[in-house]
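A.B. asks: One structure, pasted below without further comment.
The values are calculated or read from the model by the stated rules, or taken from the named source; none is laboratory data. Every value quoted in this text rests on a predicted model; they were computed, and no experiment measured them. All Cβ positions, glycine included, derive from the backbone under ideal geometry; neighbour counts span all protein chains shown.
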Amino acid sequence: MDVIHKIGRRKTAVARVYVASGTGAITINKKDITAYFPTATLQYKVKQPLVMTNNDSNFDITVNVLGGGITGQAEAVRLAISRAMCELDAENRLTLKPEGLLTRDPRMVERKKFGQKKARKKFQFSKR
């Protein structure tokens, strides 16, 4: 099996994932997953598509992720790994699709408008 390359995005985070056959090591920006994502919740999010498809110890995964915050990066990695699992085996799609792991979350930060304090918040109004 050669290397599979997939991209996942969330907010402003972009994750490029390279999946190759191996022992289950996950490297993110040249660091181990436990060093890059210290909380168990974020580690669970990244490993979720692998656990659901029973591939958590079959592949070595290398990730380059940039932009956004730590949660957005974890969810971008999750989407990219889910897409890679679908390319490996079409049966995986039936497992991942109902959980919403193949859907790109379209929510983005709304831009700030001129004449206002933030995107929706206005400056204080004085009637008199």
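A.B. asks: Please pick out the residue among LYS121, LYS113, LYS117, LYS127 that is in contact with a Phe, Trp or Tyr (Cβ under 7 Å, 6 or more places away or on another chain) and over 21 Å from ARG9 (Cα atoms).
C.D. replies: Every option except LYS117 fails the conditions.
A.B. asks: What number goes with the only condition from (1) in contact (Cβ under 8 Å) with a residue 40 or more places away in the chain; (2) part of a helix (DSSP H, G or I); (3) under 11 Å from the mean Cα position of the chain (by Cα) that LYS47 does not pass?
C.D. replies: Checking LYS47 against (1) in contact (Cβ under 8 Å) with a residue 40 or more places away in the chain; (2) part of a helix (DSSP H, G or I); (3) under 11 Å from the mean Cα position of the chain (by Cα), the one that fails is (1).
A.B. asks: Looking at the range 84-104, can you tell me whether even one residue there is farther than 30 Å from MET1 by Cα and either part of a loop (DSSP other than H, G, I, E, B) or free of Cβ contacts under 8 Å to residues at least 24 places away in the same chain (or both)?
C.D. replies: The answer is no; no qualifying residue exists.
A.B. asks: Mind checking which pairs have a first residue in the range 1-22 that is farther than 10 Å from GLY68 by Cβ and among the basic types (Lys, Arg) and a second that is surrounded by fewer than 16 Cβ atoms within 10 Å (Cβ to Cβ) and at pLDDT below 95, Cβ under 8 Å, 6 or more apart or different chains?
C.D. replies: LYS6/GLU87
A.B. asks: What's the number of the condition LEU96 fails, among (1) hydrophobic (A, V, I, L, M, F, W, C); (2) closer than 14 Å to VAL17 by Cβ; (3) surrounded by 18 or more Cβ atoms within 10 Å (Cβ to Cβ)?
C.D. replies: Going through the list (1) hydrophobic (A, V, I, L, M, F, W, C); (2) closer than 14 Å to VAL17 by Cβ; (3) surrounded by 18 or more Cβ atoms within 10 Å (Cβ to Cβ), LEU96 breaks only (2).
A.B. asks: Would you confirm whether or not the range 54-62 contains a residue that is free of Cβ contacts under 8 Å to residues at least 40 places away in the same chain, part of a loop (DSSP other than H, G, I, E, B) and touching a helix residue (DSSP H, G or I) at 6+ places or on another chain (Cβ under 6 Å)? Don't jump to the end; show me each part of the working.
C.D. replies: Narrowing the range 54-62 to residues free of Cβ contacts under 8 Å to residues at least 40 places away in the same chain: 54-58.
Still in the list and also part of a loop (DSSP other than H, G, I, E, B): 54-58.
In the following step, the residues that additionally are touching a helix residue (DSSP H, G or I) at 6+ places or on another chain (Cβ under 6 Å) were identified as 56.
Yes; the residues of the range 54-62 include at least one that is free of Cβ contacts under 8 Å to residues at least 40 places away in the same chain, part of a loop (DSSP other than H, G, I, E, B) and touching a helix residue (DSSP H, G or I) at 6+ places or on another chain (Cβ under 6 Å).
A.B. asks: Quick check on this structure: which one of ALA15, ALA76 is over 17 Å from GLY100 (Cα atoms) and either among the basic types (Lys, Arg) or at pLDDT 95 or above (or both)?
C.D. replies: From the options ALA15, ALA76, the qualifying one is ALA15.
A.B. asks: Could you please find all residues in the range 66-76 being exposed (fewer than 15 other Cβ atoms within 10 Å of the Cβ) and in contact (Cβ under 8 Å) with a residue 40 or more places away in the chain? Give the steps one after another, and end with the answer.
C.D. replies: First, pick out the residues of the range 66-76 that are exposed (fewer than 15 other Cβ atoms within 10 Å of the Cβ): 66-67, 69-70.
Answer for the range 66-76, where residues must be exposed (fewer than 15 other Cβ atoms within 10 Å of the Cβ) and in contact (Cβ under 8 Å) with a residue 40 or more places away in the chain: LEU66, GLY67, GLY69.
A.B. asks: Just the residues that are in contact with a Leu (Cβ under 8 Å, 6 or more places away or on another chain) and aliphatic (A, V, I, L, M), please, taken from the range 62-93.
C.D. replies: If the condition is that a residue be in contact with a Leu (Cβ under 8 Å, 6 or more places away or on another chain) and aliphatic (A, V, I, L, M), then ILE70, ALA74, LEU79, ILE81, MET85 are the ones that fit.
A.B. asks: Any residue at all in the range 27-40 that's within 23 Å of ARG93 (Cα to Cα) and either surrounded by 12 or more Cβ atoms within 10 Å (Cβ to Cβ) or among the acidic types (Asp, Glu) (or both)? Reasoning before the result, please.
C.D. replies: As a first pass, look at the range 27-40 and keep what is within 23 Å of ARG93 (Cα to Cα): none.
Within the range 27-40, none of the residues are within 23 Å of ARG93 (Cα to Cα) and either surrounded by 12 or more Cβ atoms within 10 Å (Cβ to Cβ) or among the acidic types (Asp, Glu) (or both).
A.B. asks: Continuing with this model, one more query. Given (1) at pLDDT below 95; (2) crowded, with 19+ Cβ neighbours inside 10 Å, where does VAL63 come up short, assuming only one miss?
C.D. replies: Among (1) at pLDDT below 95; (2) crowded, with 19+ Cβ neighbours inside 10 Å, the lone unmet condition for VAL63 is (1).
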